[in-house]
Structures are given as structure tokens and as C-alpha cells.
Amino acid sequence: MAKMGNKKAAIEAYRQAAEKFAQQGLIIEATAISKVIMRLNPLETEIQQKVSKLYTEWAVLKEKKIAPSK
């Protein structure tokens, strides 16, 4: 869509996909799609905040997997 000149529609489609991935716990996928949005529109502050939150969630999950079980 973005290559066809409909950047706004592309961003909205990517935003919906990222949200669905995040809801399903697919943090890496949600982050990757959010980064695409940021490339299309670097001024998307909402997405920048979302990526920051996703990175934090990913770090927490990663730490839980690495931490020894008690």
C-alpha cells in the first residue's frame, strides 16, 4: 500500500496487525511491524512509545526464561 502512494492506509493496516500480534503475546512480531510504521512516518510518537513498551515487555519475558526456576 505504501508503495502505491497510500501511506496513511498502510500505516493503519500495520498498526492493526501490530496490535493483534501484541494481544497474542507475539512481542517480537509486534515490534517489527511497529518499526515499519516508524520508517513510514518517523514522527509517529504513539508508535515510538509502543515500541518502547514492547521492548520492555520483551526484556521482562526474556529475563523470566533465563532466570532459574525456584
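The values are calculated or read from the model by the stated rules, or taken from the named source; none is laboratory data. What you see is a predicted model, and the numbers here were worked out from it, not measured in a lab. So basically every Cβ, Gly included, is an ideal-geometry build from the backbone, and we count neighbours across all protein chains shown.
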Problem set entry | Scan of the range 31-46 for residues that are among the aliphatic types (A, V, I, L, M) and in a loop (DSSP other than H, G, I, E, B), ordered by number | Leu43
Seminar exercise, completed: Within the range 1-15, restricting to residues that are assigned to a helix (DSSP H, G or I) and among the small types (Gly, Ala, Ser), the one that is modelled with the highest pLDDT is Ala13
Seminar exercise, completed: Among the residues of the range 1-60, the number that are touching a residue at least 12 places away in the same chain (Cβ under 8 Å) and of a type in the set (Asp, Glu) is 2
For this session: Evaluate the following for Ala18: is it buried (at least 18 other Cβ atoms within 10 Å of the Cβ), assigned to a helix (DSSP H, G or I), at pLDDT below 90 and small (Gly, Ala, Ser)?
Result: no
Problem set entry | Scope the range 31-52; condition modelled with pLDDT under 85, over 16 Å from Ala13 (Cβ atoms) and surrounded by 13 or more Cβ atoms within 10 Å (Cβ to Cβ); matching residues | Gln48, Val51
Exercise. Which one of Lys70, Lys64 is more than 8 Å from the chain's Cα centre (by Cα), outside any helix (DSSP H, G or I) and modelled with pLDDT under 90?
Worked result: Lys70
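If we keep just the residues of the range 21-30 that are part of a helix (DSSP H, G or I) and of a type in the set (A, V, I, L, M, F, W, C), which is surrounded by the fewest Cβ atoms within 10 Å (Cβ to Cβ)? I'd like the intermediate steps shown before the answer.
Filtering the range 21-30 for residues part of a helix (DSSP H, G or I) gives 21-23, 27-30.
Remaining after also requiring of a type in the set (A, V, I, L, M, F, W, C): 21-22, 27-28, 30.
Details: Phe21: 19, Ala22: 19, Ile27: 20, Ile28: 11, Ala30: 24.
If we take residues in the range 21-30 being part of a helix (DSSP H, G or I) and of a type in the set (A, V, I, L, M, F, W, C), then Ile28 is surrounded by the fewest Cβ atoms within 10 Å (Cβ to Cβ).
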